[in-house]
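Chemist: Below are the structure tokens for one structure; questions will follow.
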Protein chains: 2
Amino acid sequence: MATLDDIAKLAGVSATTVSRVINNYGSLSEKTKTKVFSAMQELNYQPNSLARSLKGKKTKLIGVIMPGVSNPFFGQMVQEIEDQLFKKGFKMILCNAGNDAQKEKDYLRMLMANRVDGIIAGSHNLGIEEYQKVGLPIISFDRYLSDNVPIVSSDNYQGGELAAQSLISSGSKNPQIITGSNRPNSPTNSRLTGFKDVLEKHDLSYNLIELPFSSSPNIKSLKIKELLTNKKIDGIFCTDDLTALLVKQQAQALNLQIPTDIRLVGYDGTNFIQNYHSELTTIMQPITDIVTMMIDLLLKRIDDPDCQLEKNYVLPVKLITGGTTI
Amino acid sequence: MATLDDIAKLAGVSATTVSRVINNYGSLSEKTKTKVFSAMQELNYQPNSLARSLKGKKTKLIGVIMPGVSNPFFGQMVQEIEDQLFKKGFKMILCNAGNDAQKEKDYLRMLMANRVDGIIAGSHNLGIEEYQKVGLPIISFDRYLSDNVPIVSSDNYQGGELAAQSLISSGSKNPQIITGSNRPNSPTNSRLTGFKDVLEKHDLSYNLIELPFSSSPNIKSLKIKELLTNKKIDGIFCTDDLTALLVKQQAQALNLQIPTDIRLVGYDGTNFIQNYHSELTTIMQPITDIVTMMIDLLLKRIDDPDCQLEKNYVLPVKLITGGTTI
DNA sequence: TTCAAAATGTCAAACGTTTATCAAAATTAT
DNA sequence: ATAATTTTGATAAACGTTTGACATTTTGAA
């Protein structure tokens, strides 16, 4: 691979001059600029990022830690992140941590080793300490990591409220919630609270079951079937759209009419759901805005590591009404 | 951030010794090893990847260029790549090139600049020349890039055959194909050929329409509706599952029974489809195997840039029969 | 004790840049 | 033509490692 010296030789100038051209500083004549550029072209030269960064330049790399990318929600989010970062001249190292704490830790170390300029974290299996000693600008999606890591999220409480309202106004008297695993500081908790609060206002009670994210769709389906046959439920709020799809399937299999017998509300409202399951009433998280916010904050922190940021940035969600509620 | 010298000082040994510990060469006593390790621990030290790579060590970075990750097929593939790479100690720089040639070119340059050890390419908007002058080990998914870039793919021809057979054996007499945009060396071409060849053997003819990947689901739906109302079609083969979902929706909306009025076969068979749309008959591409193959070949090339590889590696696909054919 | 082997240390070059300093050459203005 | 200015060059240090050559110390055994 061609180096700066090769370019200098080919262009018939000094290495210093080439560097000046690349970094556009000092005074340069048009003539030498062209000479250098065409030499770079000819040799398909790319300044060695490693060497530049070593000398103190930014790497222009951002580490993105997510649970995974095959889930449409995170898929869309990652895509959006990538897209927006690229437009700002950054590249992304994607880390799918799954729910593997060790993997997340390894990735964190790796990102440090690679001197990324910053980290966007959307997967959180680790304790606070791990994140504290990273010493890099970090922005978190939807979960508390450490005191100086700003959290960007959508309004989970409002989402819960909207879901409840939508079930109630379409006639549900015996609503049910299906959540993923309910860990202590999981964002779905606020969804629950919002949901609960609205129900209480209407003097309604509700049932709740937990279907861990990690369990397979088949197992979930089974439990859902059980639920639908045994209980006299007339409305279901799932804290993610995919589970809502399973509910829909099972309801159909049991010949329960949606929305007359069962009203159904999902959560997330990804493009995928909007495009391929527009019948589903759901709460849409503003992925694009969330990402814009995260990147904005992150770049601020990168520019000025000491800049003060809020602890929380909460963006509004939106109810998308489909045929599964009236 | 702590450097090697800091560790040396803290551990009370020389920098050389620390390096020896890190790289595990030369002779070392257990005692110093422990001293060094605990110093590294204490300072949360990570050897600077940039410096190491500059000195000639591998970066352990692999560039992955894909059209995008919000599509479940590529989402799953990227996830699989990430997973397998991680297990082998590599990290991934994900590049979503969309169908933007300029972006793909930019990414290619960036990957060179970052001295990735190799590239997996699944998005191909660029001409051969661009890929030829990269000068890095590359493996391509499903498309021809350049003479010395091995192609890993699943058996598109066989996929077409299976789709046709499945439509025919479930009673279709007037099959229709819906493909994405049919570019000259697109893999869907062989799917078409396989499909056609089987039909010919059965003295059947078929219709074809193209719905460019880039067009929105709404537009596609409209065209599908048109198709379903105007023609007397009794079977449809979509060269991707998502389009098949749209067909299913439109058929239902038009009160056409599946599979009695219309038989339907999709393509790809991602986990997502298998989990959430198991009713769909589809051709499953062996994503895991494809990825294993690609990584295997890539690492071989990285180890020995001159090693001879085949031009094509074709893996078998599998028919998954669901309720949309009998 | 003596000697070999094992364990460290010292020193320096190298990887490909960036950047500062100083000097020289080329260009422009007067 | 002279001075002032602009452009370029030469040199070197620095970024944080790795690695080799060589020297020194420690250890353990004969």
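We did not get these values from a lab; they are worked out from the coordinates using the rules stated. All figures in this text were calculated on a predicted structure; none of them were measured in a lab. As a convention, Cβ positions derive from the backbone with ideal geometry for all residues, glycine included, and neighbour counts pool all protein chains shown.
Chemist: Only bridges with both residues in the protein assembly as shown count here: give the DSSP antiparallel percent, nearest 5.
Modeler: So the antiparallel bridges in the protein assembly as shown amount to around 10 percent.
Chemist: Determine the distance separating the Cα centre of the stretch B:35-70 from the Cα centre of the stretch A:102-117; give it in Å without decimals.
Modeler: Centre-to-centre (Cα) distance: 8 Å.
Chemist: Please give the FRET efficiency for A:Asn207 paired with A:Thr260, using the beta carbon to beta carbon distance and R0 = 22 Å, rounded to the nearest 0.05.
Modeler: Once rounded, the FRET efficiency stands at 0.65.
Chemist: I need the shape label for the protein assembly as shown. Rule: rounded when a/c is under 1.5, else prolate if a/b > b/c, else oblate, with a, b, c from the alpha carbon gyration tensor.
Modeler: It is oblate, given that a/c is not under 1.5 and a/b is not larger than b/c.
Chemist: Sort B:His277, A:His202 so the one with the fewest other Cβ atoms within 10 Å of its own Cβ comes first.
Modeler: Result, fewest neighbours first: A:His202, B:His277.
Chemist: Between the stretch B:306-326 and the stretch B:195-273, how many Å separate their Cα centres?
Modeler: So the separation of the two Cα centres works out to 21 Å.
Chemist: Among A:Met112, A:Met77, A:Met40, which one shows the biggest mean-square fluctuation in a GNM of chain A, springs joining Cα atoms closer than 10 Å?
Modeler: A:Met40
Chemist: A further question follows. Which of A:Gly75, A:Leu61, A:Asn44 sits closest to the plus end of the dipole of the stretch A:26-97, meaning its Cα is farthest towards the positive end, when Lys and Arg get +1 and Asp and Glu get -1 on the C-beta?
Modeler: A:Asn44
Chemist: What FRET efficiency do you get for A:Asn174 and B:Glu310 if R0 is 51 Å and r is their Cβ-Cβ distance, rounded to the nearest 0.05?
Modeler: Computed FRET efficiency for A:Asn174 and B:Glu310: 0.25.
Chemist: Got a sec to turn the phi values of the stretch A:38-50 into Karplus ³J(HN,Hα) couplings, 6.51 cos²θ - 1.76 cosθ + 1.60 with θ = phi - 60°, whole Hz, x for Gly and Pro?
Modeler: 6, 5, 4, 4, 4, 9, 6, 7, 10, x, 5, 4, 4
Chemist: Given axes a ≥ b ≥ c from the Cα gyration tensor, I'd like to know whether the stretch B:156-285 is rounded (a/c under 1.5), prolate (a/b larger than b/c) or oblate.
Modeler: It is rounded, given that a/c, with a ≥ b ≥ c, falls under 1.5.
Chemist: Only Cα pairs within less than 10 Å get springs; with that Gaussian network setup on chain B, which residue of B:Ile128, B:Ile62, B:Ile151 has the largest fluctuation?
Modeler: Maximum fluctuation in the GNM of chain B, among the listed residues, is at B:Ile128.
Chemist: Okay, next question. Do you know the relative contact order of chain B, to the nearest whole percent, from alpha carbon pairs under 8 angstrom that are 6+ apart?
Modeler: It comes to 16 percent, rounded to a whole number.
Chemist: Say R0 is 35 Å: what FRET efficiency, to the nearest 0.05, do A:Ser14 and A:Lys88 get from their beta-carbon distance?
Modeler: So, using R0 = 35 Å, E works out to roughly 0.60.
Chemist: Right, another one. I'd like to know which of B:Leu4, B:Leu94, B:Ser153 lies farthest towards the positive end of the charge dipole of chain B, counting +1 on Cβ of Lys and Arg and -1 on Cβ of Asp and Glu.
Modeler: B:Leu4
Chemist: Projected area of the stretch A:4-47, taken from the Cα convex hull and averaged over every viewing direction, in nm²?
Modeler: Averaging across all directions leaves 2.5 nm² for the Cα convex hull.
Chemist: Also, I was wondering about something else. If I model a spin label as a point 7 Å beyond the Cα along the Cα-Cβ vector, how far apart are those points for B:Arg109 and B:Asp303 in nm?
Modeler: 3.5 nm
Chemist: Under a cut-off of 19 Å between alpha-carbon atoms, report the aspartates and glutamates in cross-link reach of B:Lys33, not counting same-chain residues fewer than 8 places apart.
Modeler: Answer for B:Lys33, where 19 Å is the Cα cut-off: B:Asp5, B:Asp6, B:Glu42, listed by chain and number.
Chemist: Report, in debye and to the nearest 20, how large the dipole of the stretch B:74-124 comes out about its Cα centre when Lys and Arg carry +1 and Asp and Glu carry -1 on their Cβ.
Modeler: Value, rounded to 20: 200 debye.
Chemist: Rounded, prolate or oblate: pick one for the stretch A:46-185, where a ≥ b ≥ c are the square roots of the eigenvalues of its C-alpha gyration tensor, a/c under 1.5 means rounded, and failing that, prolate if a/b is larger than b/c, else oblate.
Modeler: prolate
Chemist: If you rank A:Ile302, B:Ile65 by fewest surrounding Cβ atoms within 10 Å, what's the result?
Modeler: A:Ile302, B:Ile65
Chemist: Would you mind checking which residues have amide H under 5 Å from B:Ile236's amide H? H placed 1.01 Å from N; only 5 or more apart, or other chain.
Modeler: Amide H to amide H, under 5 Å and 5 or more residues apart or across chains, B:Ile236 pairs with B:Gln176, B:Arg263, B:Leu264, B:Val265.
Chemist: Continuing with this model, one more query. Quick one: helix B:241-253 against the long Cα principal axis of chain B, what's the angle to the nearest 10°, folded into 0 to 90?
Modeler: That helix lies at roughly 40 degrees to the long axis.
Chemist: What is the sum of charges, Lys and Arg at +1 and Asp and Glu at -1, for the other residues whose Cβ falls under 13 Å from the Cβ of B:Lys300?
Modeler: That works out to -4.
Chemist: Okay, next question. Taking 8 Å as the Cα distance limit and 6 or more residues as the minimum spacing, I'd like the relative contact order of the stretch A:1-142 as a percentage.
Modeler: Reported as a whole number, the value is 21 percent.
Chemist: Would you pull out the residues with amide H under 5 Å of A:Ile138's amide H, same chain only if 5 or more places away, H placed 1.01 Å from N?
Modeler: Hits under the 5 Å cutoff: A:Ile119.
Chemist: Over 31 Å between C-alpha atoms is what I'm after, so list which of A:Lys58/B:Lys58; A:Lys105/A:Lys223; B:Lys88/B:Lys318 land there.
Modeler: Numbers: A:Lys58/B:Lys58 20 Å; A:Lys105/A:Lys223 33 Å; B:Lys88/B:Lys318 28 Å.
The answer is A:Lys105/A:Lys223.
Chemist: If each of B:Thr292 and A:Lys133 carries a label point 7 Å out from its Cα toward its Cβ, how far apart are those two points in nm?
Modeler: The answer from the label model is 3.7 nm.
Chemist: With +1 on the Cβ of every Lys and Arg and -1 on the Cβ of every Asp and Glu, and nothing else charged, how large is the dipole of the protein assembly as shown about its Cα centre, in debye rounded to the nearest 20? Don't jump to the answer; show the numbers that get you there.
Modeler: Values: 70 positive and 68 negative charges, 270 e Å.
Rounded to the nearest 20 debye, it is 1300 debye.
Chemist: Next question, about the same structure. Please find, in a Gaussian network model of chain A (springs between Cα atoms separated by less than 10 Å), the residue of A:Arg191, A:Arg109, A:Arg20 whose mean-square fluctuation is greatest.
Modeler: A:Arg20
Chemist: Please list 3J(HN,Hα) in residue order for the stretch B:185-192, calculated via the Karplus relation 6.51 cos²θ - 1.76 cosθ + 1.60 where θ = phi - 60°; whole Hz, with x for glycine and proline.
Modeler: My calculation for the stretch B:185-192 gives 10, 6, x, 5, 4, 5, 4, 4 Hz in order.
Chemist: Using 0.36 nm per residue, how much length does the chain from B:Tyr144 to B:Lys232 gain when fully extended, once their Cα-Cα distance is taken away?
Modeler: 28.0 nm
Chemist: So, one more: Stretch A:Glu279-A:Ser215 to full length: gain in nm at 0.36 nm per residue minus the Cα-Cα span?
Modeler: That pair, A:Glu279 and A:Ser215, stretches by 20.5 nm at full extension.
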